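First up is the structure itself, then whatever we jot down about it.
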Amino acid sequence: MSLLEVRDVSRSFGGVRALDAVSLDVEEGSVVGLIGPNGAGKTTLFNVVSGLLLADAGSVRFAGDEIGRLSPHRRAALGIGRSFQNLGLMLDETVAFNVMTALHRSAPYTGPDVLLRPWLRNRGDRALEQRCAWALQRFGLLADRERRVRDLSFARARFAELAAVTAEAPRLMLLDEPTTGLDLAEVSRLDAVLGQLRRDGTTILLVAHDVRFVMGVCDHVYVLAEGRMLAQGPPRVVQAHPAVVEAYLGTPARAG
Ligand SMILES: Nc1ncnc2c1ncn2[C@@H]1O[C@H](COP(=O)(O)OP(=O)(O)OP(=O)(O)O)[C@@H](O)[C@H]1O
Ligand SMILES: [Mg+2]
């Protein structure tokens with residue numbers, strides 16, 4: 001049984017079929033890549049898995065259970081964490097506040113509780129603060145913990161987001177273009193952290209336009225184009241797939 005099983009998922013926006021009977025499996029403990037041109041449906045698939053969007057048809061199973069109608073909070077509590085293509089952080093809050101908020105998000109109470117019943121925040125604070133510090137350290141962010149996200153470079157803000165996601169210790173991490181805007185040294189830091197996470201047993205599904213990065217870190221790669229799954233397999237196989245070379249790898253990779 002795969003940790004994540006997406007079966008025949010479709011989702012349209014008006015006349016646009018963003019996902020057309022898409023299936024995908026992520027084995028527990030693996031790092032799986034999802035590539036494809038702009039508008040292929042990658043982020044839509046992440047939204048359907050994390051619960052920000054409901055599929056029109058098809059099923060999403062996590063650890064054997066159907067989760068396709070659950071709220072994003074319920075899915076986070078089950079162990080699905082994610083990062084966003086355009087940073088899912090509160091820019092005017094500090095790095096530490098963002099990480100602590102994420103830690104509360106995966107706690108067994110809801111987002112409105114955190115806002116409306118702030119005393120819940122104080123429960124078990126010490127343990128959470130330790131997890132927060134550990135996550136920040138992992139990304140070299142301890143010195144920035146009290147800085148506002150808005151005042152950080154894009155790469156450091158991206159790391160702050162990844163620290164927030166990893167602090168939750170999700171069983172499955174969905175990373176939407178984590179390498180975009182990072183320089184080579186930063187990409188290699190990310191690479192190292194992903195290696196640690198996988199050694200800790202975290203399962204990772206990631207979208208990236210940096211094909212070399214994807215082929216380097218992933219065990220298995222899926223290729224989406226115009227809402228349909230075009231190919232899948234180990235990186236070597238996918239890289240050589242004629243339809244992939246033509247539809248995706250043959251065209252220059254997008255910079256941003
Ligand atoms: N909320 C929305 N409302 C309307 N159309 C949408 C919405 N979200 C996505 N789409 C459309 O669905 C299609 C897939 O978009 P999606 O963002 O999933 O692609 P993507 O593969 O993540 O692209 P990119 O590489 O540019 O991030 C596109 O045609 C997009 O315009
Ligand atoms: Mg996207």
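The values are calculated or read from the model by the stated rules, or taken from the named source; none is laboratory data. Everything numeric in this text was worked out from a predicted model, so none of it was measured. In this analysis, Cβ positions are derived from the backbone assuming ideal geometry, glycine residues included, and neighbour counts consider all displayed protein chains. Heads up: the accessible areas ignore ligands, DNA and RNA and are worked out on the full protein's heavy atoms, side chains in. Shrake-Rupley method; radii C 1.70, N 1.55, O 1.52, S 1.80 Å.
Sequence-distant or interchain residues sharing an amide H contact under 5 Å with Ala231, placed H: which?
Placed amide hydrogens put Val223 under 5 Å from Ala231.
Taking the mean number of other Cβ atoms within 10 Å as a proxy for protection, how do you rank 93-100, 188-195 from highest to lowest?
Averaged packing, sorted descending, gives the order 93-100, 188-195.
Taking the Cα centroid of segment 161-192 and of segment 41-61, what is the distance between the two, rounded to the nearest whole Å?
21
Check Leu175: other-chain or 5+ apart residues with amide H under 5 Å from its amide H, H built from backbone geometry?
Result for Leu175 returns Ser83, Leu205, Leu206, Val207.
Take every DSSP beta bridge whose two residues both sit in the chain, then give the antiparallel share in percent to the nearest 5.
Numbers: 20 of 37 bridges.
Percent antiparallel among DSSP bridges in the chain is about 55.
Report Val16's accessible area, 1.4 Å probe, all protein chains in place, as a number in Å² to the nearest 10.
Roughly 90 Å² of Val16 is accessible to a 1.4 Å probe.
Please compute the per residue accessible area over the chain with all protein chains in place, 1.4 Å probe, rounded to a whole number of Å².
Numbers: 11860 Å² over 256 residues.
Per-residue value: 46 Å².
If you build a Gaussian network model of the chain, linking Cα atoms that sit under 10 Å apart, which residue out of Gly216, Gly58, Gly14 swings the most?
In the Gaussian network model the winner is Gly14.
For the chain, what does the helix formula give at 222 nm: sum of -39500 (n - 2.57) over DSSP H segments with n ≥ 4, over the residue count, nearest 500 deg cm²/dmol?
Values: 10 runs with 94 residues, N = 256.
Taking each H run of at least 4 residues, the total per residue is -10500 deg cm²/dmol.
Report the extension gain between Ala63 and Phe13 in nm, rounded to one decimal, defined as 0.36 nm multiplied by the number of residues separating them, less their alpha carbon distance. Please list the in-between numbers first.
Values: separation 50, 0.36 × 50 = 18.00 nm, distance 2.87 nm.
Using 0.36 nm per residue and subtracting the Cα-Cα distance, I get 15.1 nm.
Rounded, prolate or oblate: pick one for segment 38-98, where a ≥ b ≥ c are the square roots of the eigenvalues of its C-alpha gyration tensor, a/c under 1.5 means rounded, and failing that, prolate if a/b is larger than b/c, else oblate.
Values: a/c = 2.86, a/b = 1.48, b/c = 1.93.
Oblate shape, in that a/c is at least 1.5 and b/c is the bigger or equal ratio.
For a quick check: with amide H placed at 1.01 Å from N, whose amide H comes under 5 Å from Leu3's, ignoring anything fewer than 5 positions away on the same chain?
Val26, Glu27, Glu28
Could you work out the relative contact order of the chain, using alpha carbon pairs under 8 angstrom and six or more residues apart, expressed as a whole percent? Intermediate results must be reported in sequence, preceding the final value.
Numbers: 473 pairs, mean separation 67.3, N = 256.
Across the chain, relative contact order equals 26 percent.
Ignoring ligands, DNA and RNA, please state the percent of accessible area on the chain from carbon and sulfur, probe 1.4 Å. Present the calculation step by step, with values, prior to reporting the outcome.
Details: 6260 of 11860 Å².
Roughly 53 percent, rounded to a whole number.
Provide the per-residue ³J(HN,Hα) series for segment 132-146, in order, calculated from phi with Karplus coefficients 6.51, -1.76, 1.60 and θ = phi - 60°, each as a whole number of Hz, with x at glycine and proline positions.
4, 4, 5, 5, 5, 4, 4, 9, x, 10, 4, 5, 9, 4, 9
Quick check for me: using +1 on Lys/Arg Cβ and -1 on Asp/Glu Cβ, what's the dipole size of the chain about its Cα centre, in debye to the nearest 20? Working shown, then result.
Details: 30 positive and 29 negative charges, 97 e Å.
With only Lys, Arg, Asp and Glu charged at Cβ, the dipole is about 460 debye.
With the cut-off at 34 Å, report for the chain the share of all Cα pairs above it, as a whole percent. Please report the intermediate quantities before stating the final value.
Numbers: 4872 of 32640 pairs.
Tail fraction, whole percent: 15.
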